[in-house]
Structures are given as structure tokens and as C-alpha cells.
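Structure first, commentary second.
Throughout, read-outs are computed from the coordinates displayed, never taken from laboratory work. Computed from a predicted structure; not experimentally measured. We place every Cβ from the backbone using ideal geometry, glycine too, and count neighbours over all the protein chains shown.
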Amino acid sequence: MTMPAGPLSLADPRVKWLGTLLLVVVFVTNDSPVALGWGLALTLAVAVGVARLSPSRLAGRVLLALPFAVVAAIALSLAGHGGLHQALVTGLRLTGAVVSVALLTLTTERARLFAGAESLGFPSSILTIVDLTLRYTVVLREEAARLTRARAARGFRPKAVWRPGAARAYGELLGALFLRALDRSERVYLAMMARTPGGLRSSRRDARSPSQGPNPEGWGPEGQAAATALWLLVSLTPAALMVALWLWGKAR
């Protein structure tokens with residue numbers, strides 16, 4: 001994944017983790033639609049304007065959480081817990097948390113992201129599971145593209161997915177996909193273990209120190225310190241705005 005050219009990519013990943021966790025906590029514990037709306041708008045503006053993230057990439061991450069937000073909103077409305085107000089708050093909370101995490105993951109290389117989490121004391125077993133899940137997702141996507149191209153080359157172009165013949169074909173495709181992806185993921189895992197003394201944990205530890213990172217021309221340690229300070233400002237400003245608006249709303 002190509003990192004954006006913004007200065008936030010150089011910030012210390014440990015500071016990124018702490019700032020993101022703080023921002024997510026403020027989002028999920030706030031119950032004011034006004035505060036959540038302003039916080040979400042400011043976070044999106046920072047992601048696009050300061051971090052230089054593509055709006056399409058951010059939209060893709062938000063769309064991944066959209067089904068969960070819709071289901072939660074419908075369930076709360078049917079259960080009578082707050083009605084439309086609670087559904088709006090839930091949707092804003094989830095969207096804000098997703099954008100906050102996207103701001104972290106889209107501006108940090110995966111090796112530095114895991115190294116920063118490990119240096120903060122995150123459980124190594126959870127990091128290993130997440131690492132393998134990300135690698136397996138790539139394997140799954142490659143196998144799906146390969147099987148789809150093979151079926152298209154054999155003339156498989158159904159007019160409607162819900163027809164019995166097309167549905168059966170897609171079911172067979174899905175079963176073959178998981179079987180082939182499982183076989184390939186095992187080969188990838190064994191190759192990784194064979195080439196890395198000590199396994200995945202040492203590979204993350206030896207990949208790169210969390211305080212280090214890419215050093216483009218003109219960026220030294222002072223530039224990385226400035227990027228880290230900028231990241232703190234980026235994460236603390238929306239959180240402080242939401243807390244201030246929430247307290248103002250309670251005081252009215």
C-alpha cells in the first residue's frame with residue numbers, strides 16, 4: 001500500500017496509536033449529535049487536508065462499516081431505545097471511529113504499525129492473528145481474481161445472479177476459493193516461518209524500530225519530531241472540540 005506524501009506519515013507510530021485510541025474513545029463515549037458531527041467533520045478535514053488521504057480511500061473504509069451502522073440503527077429503533085436520535089448517534093459514533101482508525105492505518109506502514117503496537121505492550125498473540133489475517137486477505141483476493149478470470153475465459157457470464165444455475169456456480173466458486181486460498185495460505189505461512197528465525201514475532205521486532213521510518217530528503221530527526229507533534233495536534237483537536245461541545249450542551 002502506497003503511503004501518502006503528507007508529513008503525518010513520518011510521525012512516531014506509538015504516538016499515532018495513543019492519539020487514535022484517545023480519539024476513538026471520545027467518539028464512542030459521546031452522546032451529543034452536534035459534538036459528534038463537528039468532530040467527524042474536523043477529522044475528515046484533517047485526513048484529507050493535512051494527511052493528504054484520498055477521499056475515495058476514506059469512503060471505501062467508511063462503506064465497510066456502513067452495513068453494521070444500518071443494522072445497529074434499525075435494531076435500536078425497533079427496540080425503542082432512543083428512536084431516531086439514538087440511531088443517529090450510533091451512526092456518527094461508528095463512522096467517527098472508522099475514520100480515526102483509517103487515518104492511522106492509511107498513514108503508517110504495516111511493519112511500523114505492528115512495531116509501534118508491540119512496543120506499547122499489545123499482546124503478541126493478537127498482533128500475530130491480525131498479521132496473518134491481513135496476509136490471508138491478500139491471498140483470498142488474489143485467488144478470487146484468478147478464479148473469476150478463469151470462469152470468464154470459459155464463457156461464464158450470467159445475466160442474473162439469483163437464477164438457480166448462476167447461484168449454484170457462484171456457490172461452487174466460493175467453495176473452491178476458500179479451499180484453494182486455505183492451501184495457498186498454508187504454503188505462504190510455512191515459507192514465512194522457514195525464512196524467518198524465530199517466526200513472525202522476531203520478524204516484526206527486527207523489521208524496524210518504531211521511532212524510525214522513511215527519511216525523505218529534507219526530513220531528519222527534527223522533521224520526525226515535528227510530524228509527531230503535528231499528529232498529536234491532529235488527534236487532540238477533534239477530541240477536545242467534541243468534549244467542549246458535549247460539556248456546553250450539558251450546561252445549557
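For this structure, a couple of remarks:
- Spatially, the range 230-252 and the range 43-119 are offset by 18 Å when compared through their Cα centroids.
- In nm, spacing of pseudo-spin labels at Phe178 and Ala229 (7 Å Cα→C-beta vector): 5.3 nm
- Computed from the Cβ-Cβ distance with R0 of 22 Å, the FRET efficiency linking Leu84 to Val34 stands at 0.90.
- Sites Ala191 and Leu236, calculated FRET efficiency, Cβ-Cβ separation with R0 41 Å, nearest 0.05: 0.45
- Cβ crowding within 10 Å ranks Ser9, Ser100 as Ser9, Ser100, fewest other Cβ atoms first.
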